[in-house]
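Enquirer: Got a structure for you, written out below as structure tokens; questions coming shortly.
All of the numbers you see were taken from the coordinates with simple rules; none came from a lab. Bear in mind the structure is a predicted one, so any value in this text is a computation, not a measurement. So basically every Cβ, Gly included, is an ideal-geometry build from the backbone, and we count neighbours across all protein chains shown.
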Amino acid sequence: MKHTLSVLVEDEAGVLTRIAGLFARRGFNIESLAVGSAEQFGISRITMVVPGDERSIEQLTKQLYKLVNVLKVQDITTTPCVERELMLIKVNATSSMRSEIIELAQVFRARVVDIAEESLTLEIVGDPGKLVAIIQVLSKFGINEIARTGKIALTRESGVNTEYLKSMEAKV
């Protein structure tokens, strides 16, 4: 199972290196990694997606707390969250295909950020599932390049689990 960890750290040189080293020593792969400033000056939030079972993630969390600059570690996998990812995707787009690609982009609320003679670059923001879906739809045109930020997430203060609500709507 994939777990999403939210880690608050002191914003100092070498913190990310120490965390990555810990993961490497323990044989864990980091599937997604996003780092940025948090709500408080001098604090950064690291959001990472790592595969593992409950026991191994619990051990990893304990190891993270042993690192000097780590302030808080949360496994937010089952917690109601707002999750987003940013992707830039460059697609083959001759003049004859361009309108169809732009129509598809509008369905996904993607924005055209660059147009060239033979390609279009789109910006898409959304949950990781949305990004996978647009990749599948656009693959028939030929994808030249993809750049993704990695998942970022914050817990929902409302406690409303939108994934649960979506599954309930699907049953109705």
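Enquirer: Hey, rough spin-label estimate for residue 115 and residue 12, points 7 angstrom out along Cα→Cβ, what's it come to in nanometres?
Expert: 5.1
Enquirer: Rounded to the nearest 0.05, what FRET efficiency is calculated for residue 37 and residue 61 with R0 set to 25 Å and r the Cβ-Cβ distance?
Expert: It comes to 0.65.
Enquirer: So what's the projected area for the chain, the Cα convex hull averaged over all directions, in nm²?
Expert: Dividing the Cα hull surface by four gives the mean projection, 12.7 nm².
Enquirer: Below 15 Å Cα-Cα, how many Lys pairs turn up in the chain? Only count pairs eight or more apart in sequence, or on different chains, if you could.
Expert: The result is 5.
Enquirer: Modelled label-to-label distance, residue 86 and residue 68, 7 Å Cα→beta-carbon offset: nm?
Expert: The answer from the label model is 3.2 nm.
Enquirer: When the helix-only estimate is applied to the chain (DSSP H runs of n ≥ 4, each -39,500 (n - 2.57), divided by the residue count), what is the mean residue ellipticity at 222 nm, nearest 500 deg cm²/dmol?
Expert: For the chain, the value works out to -10500 deg cm²/dmol.
Enquirer: At a Förster radius of 35 Å, what calculated FRET efficiency corresponds to the Cβ-Cβ distance of residue 98 and residue 149, to the nearest 0.05? Each step should come with its number before you reach the end.
Expert: Values: r = 26 Å, r/R0 = 0.74.
Approximately 0.85, to the nearest 0.05.
Enquirer: For the range 2-79, what Kirkwood radius comes out of the mean inverse Cα-Cα distance, in Å? Provide the component values of the computation, followed by the final result.
Expert: Details: mean 1/r = 0.0801 Å⁻¹.
It works out to 12.5 Å.
Enquirer: Sticking with this structure for a sec: With a/c under 1.5 counting as rounded, go ahead and sort the range 82-153 into rounded, prolate or oblate using the C-alpha gyration tensor (a ≥ b ≥ c being the square roots of the eigenvalues; past the cut-off, prolate if a/b is larger than b/c, else oblate). Walk me through the intermediate numbers first.
Expert: Numbers: a/c = 2.12, a/b = 1.90, b/c = 1.12.
Here the range 82-153 falls in the prolate category.
Enquirer: How big is the gap, in Å, between the Cα center of the range 103-142 and the Cα center of the range 36-98?
Expert: When both Cα centres are located, 23 Å separates them.
Enquirer: At a 10 Å Cβ-Cβ cut-off, how would you order 121, 94, fewest neighbours first? Walk me through the numbers before you get to the answer.
Expert: Details: 121 18, 94 11.
Ranking 121, 94 by Cβ neighbours within 10 Å, fewest first, gives 94, 121.
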